[in-house]
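Remarks on the structure that follows.
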Amino acid sequence: MNGYGDTYYARTLADVSQRPSLKGAVTADVVIIGGGLAGLTAALDLARAGRSVVILEAEKVAWGASGRNGGFVGPGYATGHAEIIRMVGVEQAQVLHRLSIEGVQIVEENMDSLAMGENKRVYGKLSVLRYHDQDSLERHCEMMQREFGYHLEVMPTDAVQDLLRSPKYHQALYDPASFHFHPLNYARSLAKAIEALGGRIFEQSRVTGCDLDRSEKTVKTAQGEVKARDVVLAGGGYTDDLVPRLRRSILPIATYVLLTEPAPGKLAEAVRTPMAVSDNRRAGDYYRLVDDGRRLLWGGRITTRTTEPRRLAQMMQKTMVSTYPQLEGVRVETAWSGLMAYARHLMPLIGQLQPAVWYVFGFGGRGMNTTAIGGRVIAEGILGSSDRFRFYEPFSLTWNGGPFGVAAAQLTYWTYQAMDLAKERRAARMA
């Protein structure tokens, strides 16, 4: 569907314009390999600063995780704040979290300045516990207010269950500043803004080779080449072996999403809020009402399997109904998978590979804010206006472990899944 596969976002595109593939030789100040949200954000900031920019995308703008995710925009990283403190210390962890908050603000500012009126923002997110632990939520709220001035609220169990009619849920963290939106329409709006500033975007233009060692870099596709002073490598879960060191630094992890048929009556019996919802498990469910409450977009599960399961829709429907039995019989209209890029340390990979060669990828699970701030700090590094990209240097291009790393990642997920289930069972016995 429009070159994107059959997803909710492809079905509801606001702009279906096509872009050419690269043919012949072109020059630019900066060439960006990868047309996802990180590459687009960097390109927009560079074009606003007067730099000539070329984006080379192997498929279509935001074809990968950038255009098929849950659409949640909020601060934070795939790893928790306490773990980041352990890795880099309190002071740098605070800087990194403030950068993640700035990432949310970048998305909002772009939507405002580019007048994306067709892309509705729905504010509010609930992060729900599947066992009782109100004290830990209150401590987290206090820490976020004290250290970052960031306001969160604890929602008690009865209030949660008034909105989310599932017996599995207990307390929740309410974040009024997070929101959900249409990520593919957002990405394509960024692309149009880049082109309006003179930037050039070539789709169906997979990079086949590059010479990164000269002062003028050369990047080649099947039918053309780009010469530029700076190169930005902005891949994701679909990163190939163009630069083997980058590919060896990430694990492609699959997640799955479904879209229900229109069923406003039944959905209203289960989900009584337009806010985004996720649960507290390591690979928990995340979902939201779309089409003004007529349909439910439901995501969840992770696996190291890179091919789509044969019975994906049935598998996802079973997960949804296990949380909301009242949705039994609601038909799944379409379901899809997407590959996220995770580093072993679960932090984004943002930095400089060598002089004038930059990388920005590895946003697994929290890409809406981190792609924005990642793209911005790389643009600042190229422009020489800041070296904020160095705050991410402690999270290096660590080897992913190869086949053993894949097996270890899957085993870790199963372990956390078992631990989450054990917590839920203990909570049920104590209830």
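The values are calculated or read from the model by the stated rules, or taken from the named source; none is laboratory data. A quick note: this is a predicted structure, and the numbers were derived from the prediction, not measured. Ideal geometry is used to build each Cβ from the backbone, glycine not excepted, and the neighbour counts take in all protein chains shown. To get the accessible areas, we keep the full protein, side chains included, count just its heavy atoms, and leave off ligands, DNA and RNA. Shrake-Rupley method; radii C 1.70, N 1.55, O 1.52, S 1.80 Å.
For this structure, a couple of remarks:
- Between residue 215 and residue 386, the FRET efficiency from the beta-carbon distance, with R0 = 25 Å, is close to 0.60.
- Evaluated over the chain, the count of Lys pairs having alpha-carbon atoms less than 20 Å apart is 13 (only pairs 8 or more residues apart or interchain).
- Largest mean-square fluctuation among 35, 209, 300, in a Gaussian network model of the chain whose springs join Cα atoms under 10 Å apart, belongs to 209.
- Cα-Cα separations in the chain greater than 40 Å, expressed as whole percent: 15
- The calculated FRET efficiency for residue 133 paired with residue 208, based on their beta-carbon distance and R0 = 56 Å, is about 0.60.
- Span-like helix ranges in the chain, DSSP H, alpha carbon extent 30 angstrom or more, Kyte mean at least -0.5: 90-113, 402-430
- Local electrostatic count at residue 205 - Lys and Arg +1, Asp and Glu -1, tallied over other residues with Cβ under 14 Å: +1
- Taking a sphere under 12 Å around the Cβ of residue 144 and counting the other residues whose Cβ falls inside, with K and R at +1 and D and E at -1, yields a net charge of -2.
- Looking at the chain, the accessible area is 42 square angstrom per residue; that uses a 1.4 Å probe and ignores ligands, DNA and RNA.
- For the chain, the relative contact order comes to 23 percent (Cα pairs under 8 Å, sequence separation of at least 6).
- Between residue 247 and residue 399, the contour length at 0.36 nm per residue exceeds the alpha carbon distance by 53.8 nm.
- One decimal place: the segment residue 352-residue 282 gains 22.2 nm when fully extended, by the rule 0.36 nm per residue minus the C-alpha distance.
- Electrostatic bookkeeping for residue 383 treats Lys and Arg as +1 and Asp and Glu as -1; over the other residues with beta carbon under 14 Å from its beta carbon, the sum is 0.
- GNM top mover of 339, 13, 258 - the chain, alpha-carbon springs below 10 Å: 13
- Placing pseudo-labels 7 Å out from each Cα toward the beta carbon at residue 273 and residue 147 gives an inter-label distance of 2.4 nm.
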